[in-house]
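Trainee: Sharing a structure with you now.
The values are calculated or read from the model by the stated rules, or taken from the named source; none is laboratory data. Bear in mind that the values here come from a model prediction, so they are computed numbers and not experimental data. Positions of Cβ are backbone-derived with ideal geometry, glycine not excepted, and every protein chain shown enters the neighbour counts. Please note that ligands, DNA and RNA were not included when accessible areas were found on the heavy atoms of the full protein model with its side chains. Shrake-Rupley method; radii C 1.70, N 1.55, O 1.52, S 1.80 Å.
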Amino acid sequence: MLSPGVEVPVPAAGEVWTVGAVVLNGRGEAFAQKRGPHRRLYPGAWDVLGGHVEPGETLLEALAREIHEESGWHLRRVRRLLRVSTWTGDDGNGLRHEADFLVEVDGDLDRPALERTKNSAYAWFGPADLHRLKEGRAPHETLVHDLIAAVVETPPPPG
């Protein structure tokens, strides 16, 4: 499940963590889904697959669970850790740590099973589409844009 050399952070006690997954299709485009307009955190924003790590879960367990819940796909392999960041959401729940991974999944990439109660749309983003990831966001809210841009503008080596 882990490519050689992939390091996975280990959360410290009391820290709140989230995980994110960047999935690429055969054209090197990255998957993103649009959060529904009634979501508490970042309504209407584009986002990668992922979410909060539940008590007792490892980051990889949370990653596999979130990928399946949000797309119907199954985590096949974690290719690399893309970044670890900290952020404070617009929901007043304080500081979060996030580990974002480049992953491979099993399933029909043309037919993700979106959680329609949480997400309203999906799209595949290549270099020419990156500007759309900033739709409805403040100028400083570029986490998802920057994450996807780093992958699609400099594609990872095969394997």
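Trainee: Can you tell me which residue is surrounded by the fewest Cβ atoms within 10 Å (Cβ to Cβ) among those in segment 103-159 that are within 26 Å of residue 37 (Cβ to Cβ) and of a type in the set (S, T, N, Q)?
Mentor: Checking each candidate, the answer is 117.
Trainee: Report the residue count in segment 124-136 for those that are of a type outside the set (Asp, Glu), on the phi < 0 side of the Ramachandran plot and out of contact with any helix residue (DSSP H, G or I) (no Cβ under 7 Å at 6 or more places or on another chain).
Mentor: 4
Trainee: Could you tell me how many of the residues in segment 30-46 are open to solvent by 40 Å² or more (accessible area, probe 1.4 Å) and in contact (Cβ under 8 Å) with a residue 12 or more places away in the chain?
Mentor: Within segment 30-46, residues that are open to solvent by 40 Å² or more (accessible area, probe 1.4 Å) and in contact (Cβ under 8 Å) with a residue 12 or more places away in the chain number 5.
Trainee: Here's another thing I want to ask about it. Considering each of 60, 49 in turn, give the residue that is under 14 Å from the mean Cα position of the chain (by Cα), at pLDDT 95 or above and open to solvent by 20 Å² or more (accessible area, probe 1.4 Å).
Mentor: Criteria check complete, one pass: 60.
Trainee: Which of (1) more than 17 Å from the chain's Cα centre (by Cα); (2) in contact (Cβ under 8 Å) with a residue 12 or more places away in the chain is the odd one out, the single condition residue 13 does not satisfy?
Mentor: (2) is the only condition that residue 13 fails.
Trainee: If the requirement is being of a type outside the set (Ser, Thr, Tyr), in contact with a Ser or Thr (Cβ under 6 Å, 6 or more places away or on another chain) and farther than 17 Å from residue 6 by Cβ, which of these qualifies: 52, 68, 74?
Mentor: 52
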